[in-house]
2 protein chains.
Amino acid sequence: MPPVIPIDDPDDPRIAAYRNVRERDLVGREGLFIAEGEVVLRILLQHSRHRPLSLLLAENRVAALAPLTTGLPDEVPVYAAGRAVLDAIVGFPLHRGILALGRRAAEPGAGGLLATLPPRALVAALFGIGNHDNVGGIFRNAAAFGADAVLLDRGCCDPLYRKAIRVSVGAALTVPFAWFDPSEDPLELLARHGFEALALSPRGGTALADVARADRAAVLLGSEGPGLPDALLERARSVRIPMAPGFDSLNVATTSGIVLHHLAQG
Amino acid sequence: MPPVIPIDDPDDPRIAAYRNVRERDLVGREGLFIAEGEVVLRILLQHSRHRPLSLLLAENRVAALAPLTTGLPDEVPVYAAGRAVLDAIVGFPLHRGILALGRRAAEPGAGGLLATLPPRALVAALFGIGNHDNVGGIFRNAAAFGADAVLLDRGCCDPLYRKAIRVSVGAALTVPFAWFDPSEDPLELLARHGFEALALSPRGGTALADVARADRAAVLLGSEGPGLPDALLERARSVRIPMAPGFDSLNVATTSGIVLHHLAQG
């Protein structure tokens, strides 16, 4: 393990990537991302598809995290700061006291990722889901039920947004994901790779319990409210989760859990 | 509809119950609660088990909400304030511009509520779930899958906490709920009323897909992390949701959705 490097000046250039975390969340980090909290840090260091670049810890967390940081190579520096300096760096009170900077893995595109999957595979395909809690929750469920990948259209939020990683309990760092190219037809792409597309909608034609799992299955999910675009719904097999009369509203992350659980059994 | 009553002074005693909304969320409101947003307001006025006492709206929302407020009796006053006054009353920028004050329905206690349920009934019983998002999400799923009631122990947060109502999309106002008396044994109470208790745990003995629905079924859920107390788990039929190897963590609201969906089909 490299020696822990003390940081006394919030403007120290070595920790520049951690400055004003929230503001940078909004503008993006060009190939980098910030992860926070112990559970997520553990996954970033031990199981992630993405590469840790450095850690920034509250001084009082350093000792307890030593078992985790001891194995780190020298090129992943561990910075530590007192609470006041830490809060001044990130721009808000960082209760957890644990941040890490990571570099994204190369992103193969949806077609490239589908081409790497095994003959029996389960994917979630997300359209217009901009809410970080929901995207994080869907990744958590994808990991729980062994989904092979998550595909996203450009209307979705970044799974490596800090809050999405946290809500996913780190699954956003482990489940492979890729973006649909806006110029390609998602249904055509899925069909070309032999995936049956199941489009979830409160008015879907088949009840989920009656869906037999195809070897390659893709679960299409839209945002709460508008749902999936009609242009997709009309061309895919539409599936509904039956609900009580007068109620047609499930959280989209909960929906993903119900559907992936069903398909993972099948 | 009563005439809309303009409020120009944040200290006007008529809107005292709306002052410093967040601080009062923390201390409780002795039989009252605050609901916010249009979807929740609609449910409070049209389908709630609880009674609306008054509304406080941003001036610029009044006209659009007229179809909803027109039928209100005179004893439910509608107050309206400009943005600056409204924000000064509630203590933060109230983007939605819609609040309502309600009075809780009488609370029969868990045994009293169970006694009113039909011969075939489904309930969720929550233990130590203090997170408002999770309690709200569980109520949303309870409504979606037609659960008859939610029971809570004293370690759970109040379902009529403002944020829990919002996350439940108003279901916290419609699904009957009651608290376990700390002096009573929840399992004995459920058994006395003929409910099979299904205790959810990652290490549960029966896979969910193999659970046949009893006429009266109770789904026992604990908080994320500690889960259900051993004393409950050991005495109930334990049920697991099978997950991918190395992953044993589902969000508890998602868990409730998966289990209630399964039992609602059965």
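Test residue B:153 against the stated conditions and say whether it is more than 19 Å from residue B:257 (Cβ to Cβ), touching a residue at least 60 places away in the same chain (Cβ under 8 Å) and touching a helix residue (DSSP H, G or I) at 6+ places or on another chain (Cβ under 9 Å).
Working: more than 19 Å from residue B:257 (Cβ to Cβ): yes; touching a residue at least 60 places away in the same chain (Cβ under 8 Å): no; touching a helix residue (DSSP H, G or I) at 6+ places or on another chain (Cβ under 9 Å): yes.
Considered against the rule, which asks whether it is more than 19 Å from residue B:257 (Cβ to Cβ), touching a residue at least 60 places away in the same chain (Cβ under 8 Å) and touching a helix residue (DSSP H, G or I) at 6+ places or on another chain (Cβ under 9 Å), residue B:153 comes out as no.
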When you go through (1) among the charged types (D, E, K, R); (2) away from chain A (no Cβ under 14 Å); (3) crowded, with 19+ Cβ neighbours inside 10 Å one by one for residue B:140, which number turns out not to apply?
(2)
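Does residue B:15 fit the bill of being assigned to a helix (DSSP H, G or I), crowded, with 17+ Cβ neighbours inside 10 Å and assigned by TED's automatic domain parsing to the domain that holds residue B:99? Lay out the reasoning, then the answer.
Numbers: assigned to a helix (DSSP H, G or I): yes; crowded, with 17+ Cβ neighbours inside 10 Å: yes; assigned by TED's automatic domain parsing to the domain that holds residue B:99: yes.
Yes, satisfied.
Which ranges mark the strands (runs of 3 or more DSSP E) fully within the range B:62-142 that have 2 or more residues being farther than 18 Å from residue B:22 by Cα? If you could, list the steps in order and put the result at the bottom.
Details: elements: B:78-81, B:98-103, B:121-127.
It comes to B:78-81, B:121-127.
Going by what's in this entry, would residue A:209 be described as free of Cβ contacts under 8 Å to residues at least 60 places away in the same chain and of a type outside the set (Asp, Glu)? Lay out the reasoning, then the answer.
Numbers: free of Cβ contacts under 8 Å to residues at least 60 places away in the same chain: yes; of a type outside the set (Asp, Glu): yes.
It is true that residue A:209 is free of Cβ contacts under 8 Å to residues at least 60 places away in the same chain and of a type outside the set (Asp, Glu).
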Conditions (1) buried (at least 20 other Cβ atoms within 10 Å of the Cβ); (2) within 23 Å of residue B:103 (Cα to Cα) -> residue B:208 fails only (2)
Taking first residues from the range B:77-100 that are within 17 Å of residue B:165 (Cβ to Cβ) and second residues anywhere that are part of a loop (DSSP other than H, G, I, E, B), the pairs with Cβ under 8 Å that are 6 or more apart or on different chains are B:90/B:19; B:90/B:20; B:96/B:37; B:98/B:37
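Quick check on this structure: which one of B:215, B:181 is farther than 19 Å from residue A:244 by Cβ and of a type outside the set (Phe, Trp, Tyr)?
Details: B:215 fails: farther than 19 Å from residue A:244 by Cβ.
B:181 is the lone residue from the list that is farther than 19 Å from residue A:244 by Cβ and of a type outside the set (Phe, Trp, Tyr).
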Go through (1) in the same structural domain as residue B:186 (by TED's automatic domain parsing); (2) touching an Asp or Glu at 6+ places or on another chain (Cβ under 9 Å); (3) surrounded by 15 or more Cβ atoms within 10 Å (Cβ to Cβ) one by one and return the number of the condition residue B:33 breaks.
(1)
Checking residue A:8 against (1) at pLDDT 95 or above; (2) surrounded by 13 or more Cβ atoms within 10 Å (Cβ to Cβ), the condition it does not meet:
(2)
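Among the candidates B:122, B:126, single out the residue that is away from chain A (no Cβ under 14 Å) and buried (at least 21 other Cβ atoms within 10 Å of the Cβ).
Being away from chain A (no Cβ under 14 Å) and buried (at least 21 other Cβ atoms within 10 Å of the Cβ) holds for just one of B:122, B:126, which is B:126.
Could you tell me which of the residues B:176, B:182 is out of contact with any Phe, Trp or Tyr (no Cβ under 7 Å at 6 or more places or on another chain) and at pLDDT below 95?
Working: B:176 fails: at pLDDT below 95.
Checking each option against the conditions leaves just B:182.
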Condition set buried (at least 19 other Cβ atoms within 10 Å of the Cβ) and among the β-branched types (Val, Ile, Thr), scope the range B:86-119, selection nearest to residue B:45 (Cα to Cα): answer is B:98
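The values are calculated or read from the model by the stated rules, or taken from the named source; none is laboratory data. All values derive from a computational prediction rather than experimental measurement. Neighbour counts are summed over all protein chains in view; Cβ atoms, including those assigned to glycine, are modelled from backbone coordinates with ideal geometry.
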